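Here the structure comes first, spelled out in structure tokens, and everything after it is commentary.
Computed from the coordinates by the stated procedures, all read-outs in this text should not be read as laboratory data. Since we're looking at a predicted model, the values are computed, not measured. Cβ placement follows ideal geometry from the backbone for every residue including glycine, while neighbour counts extend to all protein chains displayed.
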Amino acid sequence: MANFSVFIPARKDSGMPDLTVKVEASNWLVALKEGLKQIGEQGDALANIVCETAPDGSLRVADPGSRRVFVVSQVAATEEDDWLEKQAEEQATQSRIEAEKAANEWATKNTALQDFNEKTQHQMKAVDEEAVRRQKELEKDATEAREKADRAASAAADRAMGAVGKVEVTEGSGGSTWDDLDDWYDGVDVAEQTLDDVLSDLFLATDDLHEKTPLEAAAFILDIAENHVGAQAASVFYSDMNSPLKDLVVSAAKGPVSKKILGARVPMGKGIVGFSVQNGVRLIVNNVDKNPNFYGKLDEKLGFSTRSILCAPIQYEERTFGAIELVNRTDGEDWTTFDSNIVESLGKILGRAVETHVATRKD
């Protein structure tokens with residue numbers, strides 16, 4: 001848990017003042033959503049938001065739905081805050097251990113059911129009442145274990161997000177950290193308009209993407225991303241749908257450590273990519289060392305230096321399959337909203353291809 005200051009600009013022509021909401025929450029997005037709820041708005045309605053991190057760690061968040069820019073800053077932590085954060089982290093870790101245990105129990109019981117079915121299916125010409133009874137018993141055990149695993153995984157995800165604490169609402173401004181909120185949002189709009197000029201090229205280049213496997217499609221999308229948005233490294237993370245915990249797995253990669261990073265796993269909700277997938281938001285982080293969500297373990301393991309990250313979820317309608325992550329813009333400059341719009345479009349194109357592949361396999 002941490003304390004956040006959330007600047008919420010008034011809707012245009014609403015006659016309401018700008019407000020600053022002080023919220024105790026587990027992360028900035030929870031704080032923003034709760035702040036909106038406190039003033040009577042639907043925080044959960046945020047979709048397709050664009051985020052950018054300042055050198056001081058504050059974030060400005062553009063919401064195309066309301067055409068506003070919010071500013072979220074973390075307030076300096078006290079000793080009590082540090083203690084509470086440590087407690088929350090310990091509880092989240094324990095919750096994940098319990099979820100993994102439940103997932104293993106389900107896997108064991110599901111395997112027992114499958115083994116039983118394989119051994120008995122060729123003997124079912126003559127109805128064996130004992131075999132039928134045992135089969136139903138194993139099916140019930142497997143179903144209960146799967147439901148328990150799903151509940152444990154959901155609890156682990158909720159624990160990772162954390163709960164909201166005290167909230168205080170006052171009138172105020174966004175401060176001097178970001179003095180170009182309107183100009184920045186205008187830049188977002190211009191980037192969206194300019195994107196129309198390249199969208200047709202993207203769709204033409206990916207016309208037959210649905211004919212590829214998800215792994216082939218991921219590699220193909222990274223090639224296109226490299227052509228339109230230069231990055232030192234890039235990866236596609238897919239959610240492991242066979243695991244109740246749905247960890248993110250590097251399924252395609254480009255760059256100097258691409259061979260080493262393939263297959264690497266990131267827990268759902270961890271890191272910038274996990275945050276992007278779990279919340280369905282695209283993120284521009286030009287100063288990763290200032291972002292509380294940065295997950296530096298892969299850098300430590302691979303000896304790589306991440307300075308900036310651009311991340312967008314792989315989505316189709318209401319489903320999120322993973323994310324595309326670009327690291328360190330090639331020219332050393334900051335990521336732009338135009339870059340993020342391209343990557344977001346590629347995420348949607350890839351999401352549709354994955355959904356088509358999944359639907360075809362079901363058929």
Q. Quick one: would you say residue 300 is within 23 Å of residue 258 (Cα to Cα) and touching a residue at least 24 places away in the same chain (Cβ under 8 Å)?
A. no
Q: Starting from the range 321-342, take each residue that is among the basic types (Lys, Arg) and list its partners that are not in a helix (DSSP H, G or I), counting only C-beta distances under 7 angstrom and pairs at least six apart or across chains.
A: 329/230; 329/231; 329/308; 329/335
Q) Of the residues in the range 328-342, how many are out of contact with any His (no Cβ under 9 Å at 6 or more places or on another chain), among the hydrophobic types (A, V, I, L, M, F, W, C) and in a helix (DSSP H, G or I)? A) 1
Q: Would you be able to tell me the number of residues in the range 196-222 that are touching a residue at least 60 places away in the same chain (Cβ under 8 Å), surrounded by fewer than 14 Cβ atoms within 10 Å (Cβ to Cβ) and of a type outside the set (A, V, I, L, M, F, W, C)?
A: 1
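When you go through 255, 271, 230, 263 one by one, which is the residue that is touching a residue at least 12 places away in the same chain (Cβ under 8 Å), at positive phi and more than 21 Å from the chain's Cα centre (by Cα)? Explain how you work it out, then say what you get.
Details: 271 fails: more than 21 Å from the chain's Cα centre (by Cα); 230 fails: at positive phi; 263 fails: more than 21 Å from the chain's Cα centre (by Cα).
None of the others qualify; the one that does is 255.
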Q.
Given the condition more than 17 Å from residue 337 (Cβ to Cβ) and in a helix (DSSP H, G or I), answer yes or no: does some residue in the range 8-15 qualify?
A. no
Q) What number of residues in the range 16-40 are in a loop (DSSP other than H, G, I, E, B) and either free of Cβ contacts under 8 Å to residues at least 12 places away in the same chain or of a type in the set (Gly, Ala, Ser) (or both)? A) 3
